[in-house]
Amino acid sequence: MSGAGLGPGITSAGGAPPALVARGIDKAYETLRGRLEVLKGLDLEVMSGTIVAILGASGSGKSTLLNILGTLDRADAGIVEIRGWRVDPLRDDQLATFRARRLGFVFQFHHLLPEFSAEENVMLPLLIAGEGPGPARERAQAALADVGLAERWDHRPVQLSGGEAQRVAVARALVAGPELVLADEPSGNLDQRSAAQLHELIASLARERRQTFVVVTHNDRLAAIADRVLTLEGGRLTGTS
């Protein structure tokens, strides 16, 4: 995707832009009881190859924030930069292209298409983006190998365990080589053993592949593998550990 009209943004002291920068993010909704302010001047910076975990009470706005960072929703005010390029001014069609090429998403439920194999589910984002079936299949196989499922490529979701299906979802998020992966309670629907395996996978991808993750979670064990743990409260993020 061309950067024309976007313009370069913030850079770190070393000259490379952070993976993600959000500044002054406001978001509110009109309800029957009046205006509900969810995010209030929120700031966030995420460096490449790190895991940032965001905690917070139910209803604090964690998913709203993740949707704004992932360009699935728009803030009322503020800027969002991904790898030094501002995305908040983009049109909806430009955002769709940007998401497909530069962002990956993992949700609590894997959302795999039941009639497709693991390989076909992972191929799908590439095919939608216009890549040919041959190259898309090769990249899907490599992504499945990265998450330890090279031998399960032809299995449909019903033939996979919950943990395996979620790893296919991670492979799907990674297959296009995203600059940032956003995960919303990725282990929230898994048993303890499968959740631990998924946490280790995320940690190894950040450590060995320099993949960047922003993870919304209630899981203390997932938060424990993060480089930074932040809490969303009162519309802002606190904490630097």
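So between Ala77 and Lys40, what do we pick up on full extension, going 0.36 nm a residue minus the alpha carbon distance?
Full extension from Ala77 to Lys40 adds 12.4 nm.
Name the residue, out of Val158, Val181, Val46, whose mean-square fluctuation peaks in a Gaussian network model built on the chain with Cα pairs under 10 Å.
Maximum fluctuation in the GNM of the chain, among the listed residues, is at Val158.
Quantify how much of the Cα-Cα distance distribution of region 86-192 extends past 16 Å, in percent.
For region 86-192, the share of Cα pairs beyond 16 Å comes to 57 percent.
Percent of Cα-Cα pairs more than 19 Å apart in region 130-241, please.
Tail of P(r) above 19 Å: 49 percent of Cα pairs.
Amide H to amide H, which residues 5 or more places from Gly56 or on other chains are under 5 Å from it, using H placed in the peptide plane?
HN-HN under 5 Å from Gly56: Leu232.
Between Gly41, Ser58, Phe109, whose Cα lies farthest towards the positive end of the dipole of region 35-158 when Lys and Arg beta carbons carry +1 and Asp and Glu beta carbons carry -1, centred on the Cα centre?
Of the candidates, Gly41 comes out farthest on the positive side.
Describe numerically, in nm with one decimal, the distance between label points set 7 Å from Cα along Cα→Cβ at Arg236 and at Ala145.
4.9 nm
Roughly what percent of Cα-Cα pairs across the chain reach past 33 Å?
Percent of Cα pairs beyond 33 Å in the chain: 17.
Looking at the chain, what % of its DSSP beta bridges pair antiparallel, to the nearest 5?
Looking only at bridges with both residues in the chain, the antiparallel portion is about 55 percent.
In the chain, once you exclude exposed trypsin sites (Lys or Arg not before Pro) (DSSP loop, at most 12 other Cβ within 10 angstrom), what's the longest stretch remaining?
Looking at the chain, 92-209 is the longest stretch - no exposed trypsin sites (Lys or Arg not before Pro) with at most 12 other Cβ atoms within 10 Å.
Report the extension gain between Glu131 and Ala28 in nm, rounded to one decimal, defined as 0.36 nm multiplied by the number of residues separating them, less their alpha carbon distance.
33.3 nm
Given Cβ point charges of +1 (Lys, Arg) and -1 (Asp, Glu) and nothing else, what value in debye, to the nearest 20, does the dipole of region 47-153 about its Cα centre take?
So the dipole magnitude of region 47-153 works out to roughly 300 debye.
None of the figures in this text is laboratory data; all of them are computed from the coordinates on show. Quick caveat, the model's predicted, so the values are computed rather than measured. Cβ sites come from the backbone with ideal geometry, for glycine too, and all protein chains shown count toward neighbours.
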